[in-house]
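The values are calculated or read from the model by the stated rules, or taken from the named source; none is laboratory data. Note that the structure is a prediction, hence the values are computed from the model and not measured. A quick note on method: Cβ atoms are made from the backbone with ideal geometry, for glycine too, and the neighbour counts reach across all protein chains shown. For accessibility, only protein heavy atoms count, side chains too; no ligands or nucleic acids. Shrake-Rupley method; radii C 1.70, N 1.55, O 1.52, S 1.80 Å.
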Amino acid sequence: MNFSVQPVLENEEFQLIPLQQGDFESLYEVASDPKVWEQHPNKDRYKKEVFENFFTGAIESKGAFKIMEKATGDVLGSSRYYDFDKEDNHIFIGYTFYGTKSWGKGINPQVKKLMLDYIFQYVDKVHFHIGKENFRSQTALERLGGQKIAEEEVAYFGEPSRTNFVYEIKKEDWV
């Protein structure tokens, strides 16, 4: 891999900053609302001990970000790059979540655009794991042009495996 999966990415409104150990409390403040996780494969991530495992996986991935609103300095959520496949030249984007105050404001499409614009300099395809019951994320990915290409069992870091759909966006289709 001849590129960084943890650059600082930003536009006028938002900044994606590499996640660090000291970010736990500010990110957990966003993640501690059960509503955030109600459609995710692990609905218990609002519990501190469960989120600690999620956060450890994010740090160990070395591709995770905290998502910040530049005007306020508020932490809005997190996302990450993971599982680069050199042979097929694709990478995953996922483990994304936002606090409820960020929902429905067009933040996710802007963040995904930052991430996709950057990573398509290096890969041909981006894949996304989305829980089969996470209808909100499925709709969001389809609006970005994602196509469902598979269904597979995914074992998230330190968690039992769950059924996920795999979505794909190809570089040539990204506008």
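Residues of the stretch 78-122 that are β-branched (V, I, T) and either assigned to a strand (DSSP E or B) or in contact with a helix residue (DSSP H, G or I) (Cβ under 7 Å, 6 or more places away or on another chain) (or both): I91, I93, T96, T100. Residue pairs whose Cβ atoms lie under 9 Å apart, sitting 6 or more positions apart in sequence or on different chains, and linking a residue in the stretch 121-132 that is in contact (Cβ under 8 Å) with a residue 24 or more places away in the chain and open to solvent by 10 Å² or more (accessible area, probe 1.4 Å) to a partner that is charged (D, E, K, R) and part of a loop (DSSP other than H, G, I, E, B), are D124/D88; K125/D88.
Test F24 against the criterion of being open to solvent by less than 40 Å² (accessible area, probe 1.4 Å), outside any helix (DSSP H, G or I) and either farther than 14 Å from F157 by Cβ or modelled with pLDDT under 95 (or both), and give yes or no.
The answer is no for F24.
Every residue, every condition in (1) in contact with a Pro (Cβ under 7 Å, 6 or more places away or on another chain); (2) modelled with pLDDT under 95; (3) over 20 Å from A58 (Cβ atoms), yes or no:
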residue	(1), (2), (3)
K112	no, no, no
G146	no, no, yes
E153	no, yes, yes
D173	no, no, yes
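Residues of the stretch 142-157 that are open to solvent by 70 Å² or more (accessible area, probe 1.4 Å) and in contact (Cβ under 8 Å) with a residue 60 or more places away in the chain: F157 alone. Does R162 fit the bill of being among the basic types (K, R), at negative phi and open to solvent by less than 80 Å² (accessible area, probe 1.4 Å)? Answer is yes for this residue. Checking each residue in the stretch 61-77 for being outside any loop (DSSP other than H, G, I, E, B) and farther than 15 Å from Q110 by Cβ picks out S61, A64, K66, V75.
Quick grid of which residues meet (1) within 25 Å of L9 (Cα to Cα); (2) touching a Ser or Thr at 6+ places or on another chain (Cβ under 7 Å):
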{"position": "L27", "(1), (2)": "yes, yes"}
{"position": "V30", "(1), (2)": "yes, no"}
{"position": "E38", "(1), (2)": "no, no"}
{"position": "A64", "(1), (2)": "yes, yes"}
{"position": "V75", "(1), (2)": "yes, yes"}
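Of the residues making up the stretch 38-58, those that are under 13 Å from the mean Cα position of the chain (by Cα) and in a helix (DSSP H, G or I) are F54, F55, G57, A58. Taking each residue of the stretch 63-85 that is open to solvent by 10 Å² or more (accessible area, probe 1.4 Å) and looking for partners that are charged (D, E, K, R) and in a strand (DSSP E or B) with beta-carbon atoms closer than 8 Å, six or more apart or interchain, yields K70/E10; V75/K66.
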